[in-house]
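Only one structure is covered here, and it is reproduced in the block below.
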Amino acid sequence: MKEAAIGFVVSTAGSSPESKIGISTFSGKTGYLVNELMEAGSQPTEMIKNIAKMTADSGTYPAKGLNIAKEQLGNSGGTNSKYVILFSDGAPSSSQAATSAETSIGELKTEGYYIYTVGLGVTETTKEWLKGLATNSEYALTATNANELKTIFQTIQQNINHPVEIKNAEII
């Protein structure tokens, strides 16, 4: 996961340096790791270092990370499209954690944010739950191993930073 996330940051910095990226983690014991939104092209070294420090810990409480994302995106201003990528390697730790995540996702969608969900090694039940959180089924992706995860992050990065082709237009 770390390698795929670092690849995402580096690739975005190269292809869309004005885009902003932020990272927040969520877990049961160790709390949060948060990188404020920063322009991808402005020395992503600190973000890469923080990704490298991430550790897996018990507990899956997605609403914690989603709420941080909502706050950061809400404060970022601008008119660019805004995306949230929810990555999880397991089901929410409780029904309350699931409900809180669903509420947070609903708020993000109401604000017009695009939601990608990425599951790594998740059960069919969790896969379906994540699919329900995503903007649509095309935004719900799953991987069974690290190589598939890298491909998913590359796909997301390409989809988010796709160039717009203008045909038969008059530009003044």
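The values are calculated or read from the model by the stated rules, or taken from the named source; none is laboratory data. Note that the structure is predicted; figures quoted are calculated from it, not measured. FYI the Cβ positions are ideal-geometry reconstructions off the backbone, even for glycines, and counts take in every protein chain you see. Accessible surface is based on the protein model in full, side chains and every heavy atom, while ligands, DNA and RNA are left aside. Shrake-Rupley method; radii C 1.70, N 1.55, O 1.52, S 1.80 Å.
Does at least one position in the range 77-99 carry a residue that is of a type in the set (D, E, K, R), touching a strand residue (DSSP E or B) at 6+ places or on another chain (Cβ under 6 Å) and closer than 20 Å to MET1 by Cα?
There is at least one residue in the range 77-99 that is of a type in the set (D, E, K, R), touching a strand residue (DSSP E or B) at 6+ places or on another chain (Cβ under 6 Å) and closer than 20 Å to MET1 by Cα.
Just one of the numbered conditions (1) more than 26 Å from GLU148 (Cβ to Cβ); (2) part of a helix (DSSP H, G or I); (3) not aromatic (Phe, Trp, Tyr) is not true of ALA69; which one?
(1)
If LYS29 meets every condition in (1) surrounded by 15 or more Cβ atoms within 10 Å (Cβ to Cβ); (2) modelled with pLDDT under 80 apart from one, which number is that one?
Of (1) surrounded by 15 or more Cβ atoms within 10 Å (Cβ to Cβ); (2) modelled with pLDDT under 80, only one is false for LYS29: (1).
Inside the range 86-125, can you point out the residues that are buried (at least 20 other Cβ atoms within 10 Å of the Cβ) and assigned to a helix (DSSP H, G or I)?
ALA101, SER104, ILE105, LEU108
Any idea which residue in the range 133-172 is least open to solvent (accessible area, probe 1.4 Å), counting only those that are among the acidic types (Asp, Glu) and either within 20 Å of ALA40 (Cβ to Cβ) or at pLDDT 90 or above (or both)?
GLU148
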